[in-house]
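Worksheet for the structure shown next.
The values are calculated or read from the model by the stated rules, or taken from the named source; none is laboratory data. All values reported here derive from a predicted model rather than from experimental measurement. We place every Cβ from the backbone using ideal geometry, glycine too, and count neighbours over all the protein chains shown.
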Amino acid sequence: MTKIADYLSNSAVENVKRAIAKAQENEDYHALLALTETRALERAAKVDAGLITGRLKGVPFVVKDNFLAFGAPTTAASKMLEKFDAPLQATAVEKLEAEGAICIGKANLDAFAHGGSTENSAFGPTKNAYDKSKVAGGSSGGSAVVTALDIVPFALGSDTGGSIREPASFNDVYGIKPTYGTVSRYGVVAMASSTDSIGCFTTNAADAELVMSVMAGRDPKDMTTLPDFFAPTEVKPGQKIGLVKDFMTDDVDPEVRARVNDYVAKLRAAGHSVEEVELPTAKYALAIYYIVVPAEVSSNLARYDGVRYGHRAEGVKTLAELYGRSRDEGFVTENKRRIMIGSYVLSSGFFDAYYLQAQKARTLLINEFDKLFENYDALIGPVAPTPAFAIGANTADPIKMYLADIMTVPASLAGLPAISVPAGETEGGLPVGVQLIGKRRDDARLLALAKSLESTEAKQ
Ligand code: GLN
């Protein structure tokens with residue numbers, strides 16, 4: 001797999017042409033919903049003429065199709081936004097372009113980022129880079145696969161409950177979900193505003209540092225962005241790491257546990273200490289997440305009414321019919337399920353019993369993490385309970401699908417940085433990632449830890 005540095009001294013036009021050709025060769029993975037070839041080549045010519053320069057000069061990248069970006073519609077993999085041309089670009093995209101990077105395409109995802117396999121895309125699933133019969137993971141499945149297939153050296157994703165980490169783990173690439181508020185969410189289609197985080201996929205930890213350094217920072221257009229804090233760092237031996245026992249139960253695939261244990265052994269060999277720790281509230285995290293997130297989803301998706309923008313049903317006679325039919329035609333089943341659950345838990349009769357209780361339990365989880373971080377520099381565990389599962393295996397049962405998120409949602413609910421690091425593969429050749437979770441604003445330390453172990457990694 002290539003690194004960002006491999007592109008910097010090439011002609012930008014050549015970089016873009018190579019990326020586009022590679023994307024076309026790999027069309028059968030369905031990782032991309034659109035190429036932004038015309039605009040990419042125009043920008044590449046400007047880079048080659050010396051009119052645009054920067055730390056990512058001429059480096060091609062891909063954005064998940066819920067980022068507003070020019071050159072192709074921003075669909076969020078939904079019929080609702082199928083023809084939506086963005087009037088502006090996401091801050092993250094603008095910042096990358098200002099450093100000379102060139103967006104070559106829009107990646108497939110679960111519609112509106114609702115899902116963990118990319119099977120909820122209104123335009124069909126993305127296939128796993130290592131086994132086409134398996135899911136790519138999700139919701140940023142397309143972004144993970146274009147990175148794994150070496151179409152581009154990095155891609156952007158959004159992570160609300162695992163959508164960067166899980167597909168990174170399923171496709172053997174690095175994925176970072178930063179501390180909540182690190183990167184502006186401005187210009188990214190909202191899923192759940194209290195956990196939505198913007199991050200990236202890369203082929204190594206140093207590239208993640210570089211991309212994060214460019215994207216991170218306060219944005220007046222997103223009031224939840226934190227003051228600038230992200231700065232690449234190094235770690236010394238002697239870091240105290242907690243292995244989360246609650247993530248290593250018998251329900252977790254033995255090969256996944258084995259890869260985590262291998263990584264733990266490597267951490268120890270590098271001079272760090274690893275001890276088992278408990279996070280008892282983690283067992284409620286999925287229940288909390290699937291109340292809080294649908295609540296926010298139902299509110300964020302209320303804007304798609306067929307009147308202002310997005311899909312509008314034809315041949316309707318009344319306003320109610322316009323709303324109803326536009327939403328029925330524009331949303332996939334999973335979107336509708338979340339709108340229903342969210343509206344229910346927020347309704348006056350059930351708010352106290354569900355939403356309020358969930359927020360209280362969320363606070364308990366946050367406190368439990370904070371307590372652990374008084375004694376530990378980072379936590380480690382699997383990213384997901386299994387490697388990539390077969391396409392179609394979980395689609396009939398939403399609960400089964402939600403269970404794949406069990407180890408990624410805790411860090412999301414607590415706003416903590418968490419990364420997925422390649423950690424080898426199963427006997428069947430499927431990649432497995434480990435998850436490192438850090439203190440708020442300790443994103444760079446996690447990447448540094450991963451970087452320090454990279455040379456000993458089995459597969460790169
Ligand atoms: N799989 C999780 C869900 O379905 C996470 C989605 C995400 O992070 N966008 O909610």
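Checking 100, 105, 124 one by one, the residue that is away from the ligand (no atom under 15 Å from the Cβ) and either over 28 Å from residue 383 (Cα atoms) or part of a helix (DSSP H, G or I) (or both) is 100 and no other. From the list 33, 88, pick out the single residue that is part of a loop (DSSP other than H, G, I, E, B), touching a Gly at 6+ places or on another chain (Cβ under 8 Å), in contact (Cβ under 8 Å) with a residue 40 or more places away in the chain and hydrophobic (A, V, I, L, M, F, W, C). Of the residues listed, the single one that is part of a loop (DSSP other than H, G, I, E, B), touching a Gly at 6+ places or on another chain (Cβ under 8 Å), in contact (Cβ under 8 Å) with a residue 40 or more places away in the chain and hydrophobic (A, V, I, L, M, F, W, C) is 88. For residue 258, the stated conditions hold: it is of a type outside the set (Lys, Arg), surrounded by fewer than 16 Cβ atoms within 10 Å (Cβ to Cβ) and not in a loop (DSSP other than H, G, I, E, B). Screening the candidates 190, 208, 168 for the property of being within 15 Å of the ligand (Cβ to nearest atom), under 19 Å from residue 93 (Cα atoms), at pLDDT 95 or above and within 15 Å of the chain's Cα centre (by Cα) yields one hit, 190.
For region 227-243, filtering for residues that are buried (at least 19 other Cβ atoms within 10 Å of the Cβ) and either among the acidic types (Asp, Glu) or within 29 Å of residue 184 (Cα to Cα) (or both) leaves 2. Please find, within region 274-316, the residue that is farthest from the ligand (Cβ to nearest atom) out of those that are among the charged types (D, E, K, R) and closer than 22 Å to residue 399 by Cβ. For region 274-316, the residue satisfying everything is 283.
Across region 317-370, the qualifying residues are those that are surrounded by 17 or more Cβ atoms within 10 Å (Cβ to Cβ) and of a type in the set (Gly, Ala, Ser), and the one among them that is farthest from the ligand (Cβ to nearest atom) is 326.
Of the residues 181, 161, the single one that is in contact (Cβ under 8 Å) with a residue 24 or more places away in the chain and either within 8 Å of the chain's Cα centre (by Cα) or within 15 Å of the ligand (Cβ to nearest atom) (or both) is 161. Just one of (1) in contact with a Phe, Trp or Tyr (Cβ under 7 Å, 6 or more places away or on another chain); (2) within 12 Å of the ligand (Cβ to nearest atom) fails for residue 138. It is (1). Taken together, the criteria place residue 408 among residues that are hydroxyl-bearing (Ser, Thr, Tyr), within 16 Å of the ligand (Cβ to nearest atom) and touching a residue at least 24 places away in the same chain (Cβ under 8 Å).
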